[in-house]
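The values are calculated or read from the model by the stated rules, or taken from the named source; none is laboratory data. Note that the structure is a prediction, hence the values are computed from the model and not measured. Note that each Cβ is placed from the backbone with ideal geometry, even for glycine, and that neighbours are counted across all protein chains shown.
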C-alpha cells in the first residue's frame, strides 16, 4: 500500500513539508542582512523625534496618512522621490498605512517651516478650508514627557548613549525656546506662556514630521 492510502500519515508528512518550505522561503530570508538594508545617509531618530513619533502613533495619525511614495509617475510628481527600503531601517513599527484620507507624509520634512506646522496643528482649517483633520492645539499645552526616552532608544537599538539622549533633548529645547527661533511667533501663539520655556508635545510631533524624508532630500541635494 502506498502513502496515498494512509490519510493520517499523508496529512502529517504534508504538514511537515509545508512547514519546512515555509521556514526556508519566509523565515530564514527574514534574518538575512540583505532583507534589512541600511544606508549611511539614513540616520536614526533623535530622542525628541522618537517621542514625536510615539505621539503620532498614539493619536492614530497613521490611520489617515500613509508614509510611502509608490514608484508611480503621479505620486512621484506630487510627493517626490519614491520610497526606498533602507529609509525604514529604524521604523519600528512601520507606518506605511493604507488610507490617504490626508496626503502622504513620507516627504513632508522641510517642505514647510516649523511656523506652518504650529499653525496647522492648531487649526488645520485655517490652512486648508475643507480639511477634515481635527485640531491638535491642545498638544502645545502638554509638557513633553521624556522620562523613558533613554529606555526607548536602548530597546530600539539606535546606539545613542544616555548623555547623547540628554544632549539631543537639551539642544532641541534650546532651539525652539531661543528668542531668535525663526518660528517663535507661531510657537508663542499656540503655547501657553508657562510652557514656552519647555518642550511640548507639539514641539516633538513637529520635530518628527520635519524628519520625514529629510535624509533622502539631503542625499538628492548632494548628488
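List of remarks:
- Considered as a group, the residues in region 167-188 that are surrounded by fewer than 16 Cβ atoms within 10 Å (Cβ to Cβ) and either part of a loop (DSSP other than H, G, I, E, B) or not assigned by TED's automatic domain parsing to the domain that holds residue 202 (or both) include one that is nearest to the chain's Cα centre (by Cα), and that residue is 182.
- Helices (runs of 4 or more DSSP H) contained in region 51-165 and holding at least 3 residues surrounded by 12 or more Cβ atoms within 10 Å (Cβ to Cβ), in the same structural domain as residue 207 (by TED's automatic domain parsing) and in contact with a strand residue (DSSP E or B) (Cβ under 8 Å, 6 or more places away or on another chain): none
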